[in-house]
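The values are calculated or read from the model by the stated rules, or taken from the named source; none is laboratory data. From a predicted model like this one, the values you see are computed outputs, not experimental measurements. Note that we place each Cβ from the backbone using ideal geometry, even for glycine, and neighbour counts take in every protein chain shown.
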Amino acid sequence: MSTVGKVITAVVLAPIVILVAGIGGCEATKAYYDWQVREMCAKDGGATVYERMTISSEMFKKMRGNIGGVPVVPPESARDTEVPVFSRTEAQRIREGHPSITRSEYTIIRRSDAKVLGKAVYYGRGGGDFPFTASHPTSFGCPQDAELERKLFAIEGVTK
């Protein structure tokens, strides 16, 4: 092959090689951080109920629940004193950058005595995609089945 042919081949193949290497590197990075998120979830992710609470069917409806549904716990900032509980969410950025990793802890607290009734811990990865700015970032999080409210509340007259 002549020198001109080698230069043309290099010019044509270089962007393809760079593109494949960039995509492969980003996918490997996302796979690594998704693995790390799964490890953190295995250690302390998921829902923990410290004390189960029974609520009336009227309170269940006030909390926008329906039969078979899940009650919605208002955040601490809502100051809805009719609802006997409130929620608090704290997020901690474990890794800044691209991709980022976040740990979120969602806690349900009884209003009358400030006792923590349960908590759910979630981990998530955001971003890490190629190209960095041209696409909507992907994400990964776990656990998917924490369902703290479903585990924490018992509704009067409904057996579970």
_Residues satisfying the stated conditions in the stretch 102-132, i.e. farther than 25 Å from GLU149 by Cβ and of a type in the set (Phe, Trp, Tyr)_ = PHE130, PHE132
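Within the stretch 70-81, can one find any residue that is more than 21 Å from TYR33 (Cα to Cα), among the acidic types (Asp, Glu) and at pLDDT 95 or above? Give the derivation first.
Pass one, the stretch 70-81, residues more than 21 Å from TYR33 (Cα to Cα): 70-81.
Next, only the ones that are among the acidic types (Asp, Glu) stay: 76, 80.
This time we only want the ones that are at pLDDT 95 or above, so: none.
Scanning the stretch 70-81, I find no residue that is more than 21 Å from TYR33 (Cα to Cα), among the acidic types (Asp, Glu) and at pLDDT 95 or above, so the answer is no.
Every residue, every condition in (1) surrounded by 11 or more Cβ atoms within 10 Å (Cβ to Cβ); (2) over 21 Å from the mean Cα position of the chain (by Cα); (3) at pLDDT 85 or above, yes or no:
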| site | (1), (2), (3) |
| --- | --- |
| ALA10 | no, yes, no |
| LEU13 | no, yes, no |
| ILE16 | no, yes, no |
| ILE23 | yes, yes, no |
| TYR33 | yes, no, yes |
| MET40 | yes, no, yes |
| LYS43 | no, no, yes |
| PHE60 | yes, yes, yes |
| ARG64 | yes, yes, no |
*Taking the stretch 92-132, which residues are within 25 Å of ARG79 (Cα to Cα), outside any strand (DSSP E or B) and not polar (S, T, N, Q)?*
ARG111, ASP113, ALA114, LYS115
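Keeping to the stretch 145-157, report how many residues are assigned to a loop (DSSP other than H, G, I, E, B) and either surrounded by 13 or more Cβ atoms within 10 Å (Cβ to Cβ) or touching a strand residue (DSSP E or B) at 6+ places or on another chain (Cβ under 9 Å) (or both).
Taking the stretch 145-157 as the starting set, the residues that turn out to be assigned to a loop (DSSP other than H, G, I, E, B) are 145-147, 156-157.
Narrowing the set further to residues that are either surrounded by 13 or more Cβ atoms within 10 Å (Cβ to Cβ) or touching a strand residue (DSSP E or B) at 6+ places or on another chain (Cβ under 9 Å) (or both) leaves 145-147, 156.
Final tally of qualifying residues: 4.
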